Amino acid sequence: MTQAVQGSSSGLKAGTHFFVSTPVGIDGFEWRCVVRQGELGRPEKHHEFRPVGSQAWHADSDWIGGDSQIGDIPESIAQKVDSEVHKQITKAMSGEFVPNANMIRAAENLLLSMSYEDVVRPVVVAYETEILTRHQFRIARKYVEHGCEDVVILDRKRSYMLEESDFAIYLKQCFEARDAAGLKVRASDNCPLLEAENTRIQAENLLLKAMAELPNLAAIGKPWLTLEARKRAIDLTLDMLAPFCGDADGIINRLMAA
């Protein structure tokens, strides 16, 4: 799968697909405009459709029926599909990669979630480490009985190995430190860092799904990506989309207005 991601990356740089518009719903079908490299090496505009709820896209040449044909689809459909993305289509026809609105929005959401995680992580790590260092809790007896070394737990990632009574003290003081630091959570017994990590992972999933709309990057939308391939895919897509994203203030203002 790593090779699939690498192959997709090189294919996109070669310009096989320059633009895929967000789908437009029309009478039970979804339509989109695709600008891709044609047989003569020049960008060509095509339209694709699929029934609402279906995953597979069909070429416009498979469309049957309708009057006032432009190519293989009715004029009214072509106008509805292209009207909102005329500028992007024009730019893509010159051979430049142009992301659609879903791709840009997904990248901006991921960048924002990554920034928030970067702010939260050092605060949470600091107070969790301080609490463990101050109390010098030892590993739970059940782990020692199963062959683990009888040690003091100083690594926050091993806090699950504490005795239940010690873990209760640890959690209580973590929540107090969290509140004192002004970190907000969705539930009173949640860790702000775990929430931030989960938000970032969800944003990564949405970005990969959005970029997988490009046929030559379809592999990155599959759920069986290895961790290494997933990281490479995320880095690749962020590099591609970063020039099209707004600044931090602009992203925050958009989210607040939504």
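Key figures for this structure:
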{"quantity": "Linear extension gain, Lys80 paired with Phe167, 0.36 nm per residue minus alpha-carbon span", "calculated": "25.4 nm"}
{"quantity": "CD proxy at 222 nm, helix term only [per DSSP H run n ≥ 4: -39500 (n - 2.57); per residue of the chain; nearest 500]", "calculated": "-16500 deg cm²/dmol"}
{"quantity": "Paired Rg and Dmax values of the range 31-172, which use every Cα atom, in angstrom", "calculated": "29.2, 81"}
{"quantity": "Non-local Lys pairs in the range 102-257, i.e. 8 or more apart or on different chains, that have alpha carbons under 23 Å apart", "calculated": "9"}
{"quantity": "Charge tally in the Cβ shell below 13 Å around Pro122, where Lys, Arg are +1 and Asp, Glu are -1, Pro122 excluded", "calculated": "-2"}
{"quantity": "Order by protection proxy (mean Cβ within 10 Å, highest first), peptides 211-224, 84-97, 102-115", "calculated": "102-115, 211-224, 84-97"}
{"quantity": "Ala181-Glu96 pseudo-label distance in nm [points 7 Å out on the Cα-to-Cβ vector]", "calculated": "4.2 nm"}
{"quantity": "Convex hull projection area averaged over all views, the chain, Cα basis, nm²", "calculated": "18.8 nm²"}
{"quantity": "Protection proxy ranking, peptides 232-239, 163-170, 147-154, average beta carbon neighbours within 10 Å, highest first", "calculated": "232-239, 163-170, 147-154"}
{"quantity": "Projected label distance in nm at Asn190 and His135, using a 7 Å step from Cα toward the beta-carbon", "calculated": "2.3 nm"}
{"quantity": "Dmax and Rg, reported as Rg then Dmax, of the range 194-251 (C-alpha, Å)", "calculated": "12.1, 35"}
{"quantity": "GNM result for the chain, Cα springs below 10 Å: residue of Phe49, Phe19, Phe29 fluctuating most strongly", "calculated": "Phe29"}
{"quantity": "Cα gyration tensor category, rounded, prolate or oblate, for the range 125-258 with a/c compared to 1.5", "calculated": "oblate"}
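Values quoted throughout were computed directly from the atomic coordinates according to the rules given, and no laboratory measurement underlies them. Predicted model, so just to flag it, every value in this text is computed and none were measured. Here Cβ is always computed from backbone atoms with ideal geometry, including for glycine, and neighbour counts include all displayed protein chains.
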